[in-house]
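What follows is calculated from the coordinates using simple rules that are stated; it is not laboratory data. The shown structure was predicted, so the numbers you read here are calculated from the model rather than taken from an experiment. Here the Cβ positions follow ideal geometry from the backbone for every residue, glycine too, while neighbour counts run over all protein chains shown.
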Amino acid sequence: MGDTATAITTLPLVRAVRYVQALREGGSLPGLIETDDLGTYVVKFRGAGQGTAALVAEIVVGELGRRLGIRVPDLILVDLDEAIGRREPDPDIQQLLLASVGVNLGMDFLPRAVGYDGRGRRPPPVDAAAILWLDALTVNVDRSWRNPNLLLWHGDVWAIDHGASLIFHHGWPSVTAFAGRDYPTGEHVLAPFADHVAEVHERLAPLVTREALAEVMGAVPEEWLPEAPETDGPEAVRSRYADYLLSRLEQAPRWLPGRAA
Ligand SMILES: Nc1ncnc2c1ncn2[C@@H]1O[C@H](COP(=O)(O)OP(=O)(O)O)[C@@H](O)[C@H]1O
Ligand SMILES: [Mg+2]
């Protein structure tokens, strides 16, 4: 695994064996990759334009959601060899793969999943409201009618694509600027479930403890953490994420969608 071994976290690490295809829908050009554990993962590449902060957000929000009982595909780290990039005929994809040699983020591929766009059979309100609550807590701007980032798989709704949440880590404004920010739900695909958010908040807020957040942050590779002012070393940056989320929780119900607010 060469110089990538230092990126190991509490997430499992597997090796890519084959690049299968691009998932062209999204902007970050994620790809389907087969790995040496006989798995198939949707991989978000370190070398994509969004940068590693987006991967950090994927891990933090995904792992937090999982602890709250929200369905999120299993996350894994995928070590990518240079040879896979060199074999790739498409020049854009080759460039992306070569810029991403080393550790990248994989999500368990849900075969034949279909997108949820708010039409058709609705998910159970508590499941939907839990996702809406997590989005409001983490200020996720990527769950609109146009771009729902929800998959229906075996009758359940699964949440994907959390890279655009936790906007605070792109600039670390003052804690209060983030913590009190409201969460407009006009465009949110799960806005019809907002009336269930108060009940979900009562149940989920107590689960977001400093201990739970420390576990979540332990899944993030040190090398991917953004710089944060007045922090000394990766553990301090990890704590900064926990501080932000805990201070936002304290500001509820200001940011809660629906009648709860
Ligand atoms: N775990 C998954 N299983 C099946 N399909 C997925 C999975 N993750 C993503 N996809 C498909 O790939 C598309 C792009 O992935 P997404 O995470 O939304 O990336 P982007 O940041 O590019 O929008 C999704 O809209 C979905 O169709
Ligand atoms: Mg997406």
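Ordered by residue, what ³J(HN,Hα) values in Hz, to whole numbers, does region 200-209 give under the Karplus form 6.51 cos²θ - 1.76 cosθ + 1.60, where θ = phi - 60° and Gly and Pro are x? Computed from phi, the couplings for region 200-209 are 5, 4, 4, 7, 8, 3, x, 7, 8, 9 Hz. Evaluating 6.51 cos²θ - 1.76 cosθ + 1.60 at θ = phi - 60° for every residue in region 133-140, the Karplus couplings come out as 5, 4, 4, 5, 4, 9, 6, 7 Hz, glycine and proline recorded as x. Amide H contacts of ASP79: VAL14, ARG15, ALA16, ASN104, each under 5 Å away and 5 or more positions distant or on a separate chain (H built 1.01 Å from N in the peptide plane; Pro and chain starts excluded). Karplus-based coupling profile of region 87-98, in residue order and whole Hz: 6, 6, x, 6, x, 5, 5, 4, 4, 5, 5, 5, with θ = phi - 60° in 6.51 cos²θ - 1.76 cosθ + 1.60 and x standing for Gly or Pro.
Give me the number: length gained by fully extending THR231 to GLU82, i.e. 0.36 nm times residue separation minus the C-alpha to C-alpha distance, one decimal in nm.
Length difference between fully extended and current span is 50.3 nm.
For region 65-90 versus region 121-139, the inter-centroid distance based on Cα atoms is 24 Å.
Under the 0.36 nm per residue contour assumption, what length would be gained going from the current alpha-carbon distance of ALA177 and THR209 to full extension?
Additional length available on full extension: 9.4 nm.
Backbone N atoms of region 170-202 closer than 20 Å to the 7 Å Cα→Cβ label point of ARG146 belong to residues 183-192.
Amide H to amide H, with H built 1.01 Å from N, GLU88 comes under 5 Å of no residue 5 or more places away or on another chain.
Equivalent-ellipsoid semi-axes for the chain (Cα gyration tensor, √(5λ), whole Å, largest first): 30, 23, 15. Distances between placed amide hydrogens fall under 5 Å for SER144 paired with VAL189, all partners being 5 or more residues away or on another chain. Near ALA53, once Lys and Arg are set to +1 and Asp and Glu to -1 for all other residues with Cβ below 15 Å from its Cβ, the sum equals -2.
In this calculation the C-beta distance from HIS170 to ARG121 is compared with R0 = 41 Å, giving a FRET efficiency of 0.65. With both labels modelled 7 Å from their Cα along Cα-to-Cβ, the SER247 to LEU32 distance reads 4.4 nm. Taking other residues whose beta carbon is less than 12 angstrom from the beta carbon of ASP37, and scoring Lys, Arg as +1 and Asp, Glu as -1, yields -4.
Net charge in the neighbourhood of ALA16 (other residues with Cβ under 12 Å of its Cβ; Lys, Arg +1, Asp, Glu -1) is -4.
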